[in-house]
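Comments concern the structure below.
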Amino acid sequence: MGKAKLTCREFVEFLDDYVADEQSGDVRATFEKHIAKCPPCADYVRTYQETIELGKCVCRDGEGAPGDVPEQLIDAILQARRSQ
Amino acid sequence: MSSDAPVRSDAPNAEAALLVRLQAGDDAAFEELVRENAPRMLAVARRFVADENEAQDILQEAFLSAFRGIQRFEGGSKISTWLHRIVVNAALMRLRKKKRRREVQVDELLPGFLEDGHLASIPKGWPAADQRLEQEDTRAKIRGLIDELPESYRSVLLLRDIEEFSTQDAAHILEITPGAVKTRLHRARQALRALIEQELANET
Ligand SMILES: [Zn+2]
């Protein structure tokens, strides 16, 4: 992948390394050049990144308030240990 | 649940002291352990299974397996990190026993390419800063879309992007290669991207 020109297929295939920032400087520069010249891929990488962020947020909506675990469940767990 | 615990200078000592009491079989120490960690662990279980009773069963199984393993725990990681992995394992074990749900075909959600490497069709995407993504009903739908991914993809997405395990750790937990984790994660995200795109297109 050292060549200067990147196809959309290659761009999409290695997009995960690009968003994780796990590429060498020259490979990253090639990706950035592609984004600047190719609106569909620019849009694809943006929505791909938004998807990752959305996944994180929606899965954590309303997470773990301390009062959230029913008292009977805590009792059951502690009870089960004593009889283990 | 990785790095949000308050940092206190005596925290490592407090952990070590708690571990000594746990390994000595101190009832109060176990109660402390459960009360402190159960909320976050239950939140993790709920991300893997939709059913509340099932999530509670997973929490209970996880604690029982932690109680059995406490003598072998050497304190190489934080107790909360150790428990995180245990509850994830309990959830995955439960999922393996479950009947298949309705699942989408991941291949059909990946972009197509022409011979010359260009995109076969321009993905529709959605506008930047789309307000709909802030709305609770859209977010609930997106949670549902994650659940439509085939389990082998959904598990990787949950472990890597949501629970934030490293590729290596996720590979270890799922008993697959790091390469397979990477490939499945990329495909899972692309499939979810396409599902969100479809969902938003249907709304208008
Ligand atoms: Zn392109």
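The values are calculated or read from the model by the stated rules, or taken from the named source; none is laboratory data. Source: prediction; values computed, not measured. Ideal geometry is used to build each Cβ from the backbone, glycine not excepted, and the neighbour counts take in all protein chains shown. Side chains included, ligands, DNA and RNA excluded: accessible areas come from the protein's heavy atoms. Shrake-Rupley method; radii C 1.70, N 1.55, O 1.52, S 1.80 Å.
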Farthest positive-ward along the range B:1-159 dipole, Cα basis, beta-carbon charges - from B:Ala28, B:Gln135, B:Ser80: B:Ala28
When the convex hull of its Cα atoms is projected in every direction, mean area for the protein assembly as shown (nm²): 17.8 nm²
Per-residue average of Cβ from other chains inside 10 Å of B:122-135: 3
Cα-based equivalent ellipsoid, the range B:106-203: semi-axes from gyration tensor eigenvalues, Å: 25, 20, 10
Between the range B:134-204 and the range A:1-52, the Cα center-to-center distance that results, in Å: 20 Å
Surface/4 estimate of mean projected area, convex hull on alpha-carbon atoms of chain B, nm²: 14.7 nm²
Check: the protein assembly as shown dipole with +1 on Lys, Arg Cβ and -1 on Asp, Glu Cβ, in debye: 680 debye
Helix runs (DSSP H) in chain A reaching 24 Å along axis by Cα, Kyte-Doolittle at least -0.5: A:39-60
Rel. contact order, % - alpha carbon contacts under 8 angstrom, at least six apart, chain B: 19 percent
Within 10 Å of each Cβ in A:74-82, the average number of Cβ atoms from other chains: 6
Free-standing Cys residues across the protein assembly as shown, given no other cysteine C-beta under 4.7 angstrom: A:Cys8, A:Cys57, A:Cys59
Accessible area of B:Lys78 in the full protein assembly, 1.4 Å probe (Å², nearest 10): 90 Å²
Between A and B, accessible area buried - total, square angstrom, nearest 100, 1.4 angstrom probe: 4300 Å²
Largest to smallest accessible area among B:Trp82, B:Trp126 [probe 1.4 Å]: B:Trp82, B:Trp126
With Cα atoms, 0 to 90° folded angle of helix B:79-97 axis to chain B main axis: 50 degrees
Carbon plus sulfur fraction of accessible area for the protein assembly as shown, probe 1.4 Å, in percent: 50 percent
For the protein assembly as shown, accessible area per residue (1.4 Å probe, heavy atoms of protein chains only), Å²: 52 Å²
Kirkwood Rh (inverse of mean 1/r, distinct Cα pairs), the range A:8-83, angstrom: 16.0 Å
10 Å Cβ neighbours from other chains, averaged over peptide A:39-50: 5
The range B:97-197 - percent relative contact order, Cα under 8 Å, separation 6 or more: 35 percent
Packing-based order for B:150-162, A:27-39, using average beta carbon neighbours within 10 Å, highest first: B:150-162, A:27-39
